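Read the figures in this text as sums done on the coordinates, not as results from a lab. Note that the structure is predicted; figures quoted are calculated from it, not measured. Every residue, glycine among them, receives a Cβ derived from its backbone with ideal geometry; neighbour counts consider all protein chains shown.
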Amino acid sequence: MDVLRFKQANCKNCYKCVRFCPVKSIRVYQGHAQIISSDCILCGNCVSVCPQHAKEDISDVGQIRELIASGKQVVVSVDSSYIAYFDTPGFRGIEKPLKALGFTAAHETAEGAYLVKKELEKLAAQPGDAPIITSGCSTIVLYVEKHLPTSVPASPRRRRRRALRASAPIMTSPSRSSRSG
């Protein structure tokens with residue numbers, strides 16, 4: 001699922017985004033830059049360096065409203081950074097309004113930390129010296145998953161997604177880069 005797009009009218013073909021992309025997930029096609037979503041790690045460099053402000057977030061709100069209106073069970077997983085944006089004493093303060101919007105259930109993404117911890121303990125107990133990536137940073141996780149897939153076993157983050165999907169069909173979207181504004 002895409003989270004960024006280029007505003008073609010603003011792009012002046014300066015190639016700054018191409019030069020600063022650490023995984024080269026931007027190509028120029030028909031005179032305009034395009035993000036190669038399958039390679040993008042959502043680091044936000046392209047957004048930060050673009051002098052034309054030619055990148056914009058893609059909103060999933062319409063798709064989410066359609067899913068809820070269709071009567072399907074939709075579960076939302078909220079990143080722990082919500083506390084910086086909402087004046088609430090804790091997750092219960094945001095869970096109730098999310099359910100009022102039509103979500104079947106609301107979970108803190110941090111709930112997955114226990115599942116991830118258990119998986120990492122299993123990995124650490126295995127013989128050998130295979131690398132173990134323990135970062136919760138989406139950019140690092142995406143980099144490893146997309147560009148070094150054979151270097152580590154299955155991602156604990158993906159296992160968390162599977163556990164949520166088992167409770168209800170959900171629409172997942174990569175975390176937005178903190179630098180994308």
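Apply the a/c threshold of 1.5 to the C-alpha gyration tensor of the range 63-107 and tell me whether it is rounded, prolate or oblate.
Prolate shape, in that a/c is at least 1.5 and a/b is the bigger ratio.
So what's the gap between the Cα centers of the range 99-117 and the range 27-77, to the nearest angstrom?
Cα centroid of the range 99-117 versus Cα centroid of the range 27-77: 22 Å apart.
Under 20 Å Cα-Cα from Lys55, which lysines qualify once same-chain neighbours fewer than 8 residues away are excluded?
Lys55 reaches Lys7, Lys12, Lys16, Lys24.
Label Asp129 and Tyr15 with points 7 Å out from Cα along Cα→Cβ: what is the distance between them in nm?
Distance between the two pseudo-spin positions: 4.2 nm.
Whole-Hz Karplus ³J(HN,Hα) for the range 100-107, in order, using 6.51 cos²θ - 1.76 cosθ + 1.60 and θ = phi - 60°, x for Gly and Pro?
Karplus-based 3J(HN,Hα) across the range 100-107 equals 5, 6, x, 5, 5, 8, 10, 10 Hz.
For the range 1-107, restrict the atom set to alpha-carbon positions and state the Rg and Dmax in Å.
Using the Cα atoms of the range 1-107, the pair Rg, Dmax is 17.8, 50 Å.
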